[in-house]
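Let me begin by handing over the structure; questions about it come next.
The values are calculated or read from the model by the stated rules, or taken from the named source; none is laboratory data. None of the values given here were measured: they were computed from a predicted structure. A quick note on method: Cβ atoms are made from the backbone with ideal geometry, for glycine too, and the neighbour counts reach across all protein chains shown. Side chains included, ligands, DNA and RNA excluded: accessible areas come from the protein's heavy atoms. Shrake-Rupley method; radii C 1.70, N 1.55, O 1.52, S 1.80 Å.
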Amino acid sequence: METILIRKLPGVANPTAVDLPASKSESNRALVIDALCGGGSELFNLSEARDTQIMHKLLMDDSQEVNARDAGTTMRFLTAYFAITSQKRIITGTERMKERPIGILVDALRFIGAEIVYKEKDGFPPVETRGFSKQENSNITIRGDI
């Protein structure tokens, strides 16, 4: 684990807050957590990145098919979110997104009970979530370096 050292600058009396740039990954996680809790939370300092804007828009979109464009985090988070909330949805993206593997996530979600099918090529978007009938397993193992 790396160590972060913070030293108080001379002449700065009692700093109370530091504004840090928002992370799109953390922002997307906050949006999904809010959605899992029923929405309506007041979220501050969300990233202004296009990926976060797409995630926010698609979480509120009730269309049968949603387009994550080229937002990889959005594609992965929405696949899991739609699956575990038993939403029958198709998640697609740009042609480049359709070349990005998603099989490890889909396999893990299937292992715990999600019903997901590939719409074009196995292992790659677009995918269709068809529900989550019952939890089949309570533990999964998934690589953390991907």
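Here is a check on your reading of the model: is Ile142 open to solvent by less than 100 Å² (accessible area, probe 1.4 Å), at pLDDT below 95, among the aliphatic types (A, V, I, L, M) and at negative phi?
Numbers: open to solvent by less than 100 Å² (accessible area, probe 1.4 Å): yes; at pLDDT below 95: yes; among the aliphatic types (A, V, I, L, M): yes; at negative phi: yes.
The answer is yes for Ile142.
Hey, can you tell me all the residues within the stretch 32-70 that are in contact with a helix residue (DSSP H, G or I) (Cβ under 7 Å, 6 or more places away or on another chain), in a loop (DSSP other than H, G, I, E, B) and not hydrophobic (A, V, I, L, M, F, W, C)? First the steps, then the outcome.
Residues of the stretch 32-70 in contact with a helix residue (DSSP H, G or I) (Cβ under 7 Å, 6 or more places away or on another chain): 32, 35, 41, 43, 46-47, 49, 51-52, 54-56, 58-59, 66, 68-70.
If we keep only those that are in a loop (DSSP other than H, G, I, E, B) too, we end up with 41, 43, 46-47, 49, 68-70.
Matches in the stretch 32-70: Ser41, Ser47, Arg69, Asp70.
Would you check which residues across the stretch 121-135 are open to solvent by 80 Å² or more (accessible area, probe 1.4 Å) and in contact with a strand residue (DSSP E or B) (Cβ under 9 Å, 6 or more places away or on another chain) and list them?
Step one: filter the stretch 121-135 for residues open to solvent by 80 Å² or more (accessible area, probe 1.4 Å), giving 121-122, 130, 133-135.
Scanning the stretch 121-135 gives Arg130, Ser133.
Could you tell me which residue of the stretch 73-109 is surrounded by the most Cβ atoms within 10 Å (Cβ to Cβ), considering only residues that are in contact with a Ser or Thr (Cβ under 9 Å, 6 or more places away or on another chain) and in a strand (DSSP E or B)?
Going through the qualifying residues, I end up with Ile91.
Moving to a separate point now. Name the residues in the stretch 41-72 that are open to solvent by 80 Å² or more (accessible area, probe 1.4 Å) and closer than 25 Å to Ser86 by Cβ, would you? I'd like the intermediate steps shown before the answer.
Residues of the stretch 41-72 open to solvent by 80 Å² or more (accessible area, probe 1.4 Å): 42, 44-45, 48, 50, 53, 56-57, 60, 62, 64-65, 69.
If the condition is that a residue be open to solvent by 80 Å² or more (accessible area, probe 1.4 Å) and closer than 25 Å to Ser86 by Cβ, then His56, Lys57, Met60, Asp62, Gln64, Glu65, Arg69 are the ones that fit.
Could you count how many residues in the stretch 118-146 are outside any loop (DSSP other than H, G, I, E, B) and either basic (Lys, Arg) or more than 17 Å from Lys88 (Cα to Cα) (or both)?
1
Can you tell me which residue is farthest from Phe124 (Cα to Cα) among those in the stretch 40-62 that are of a type in the set (S, T, N, Q) and free of Cβ contacts under 8 Å to residues at least 12 places away in the same chain?
So the residue we want is Ser41.
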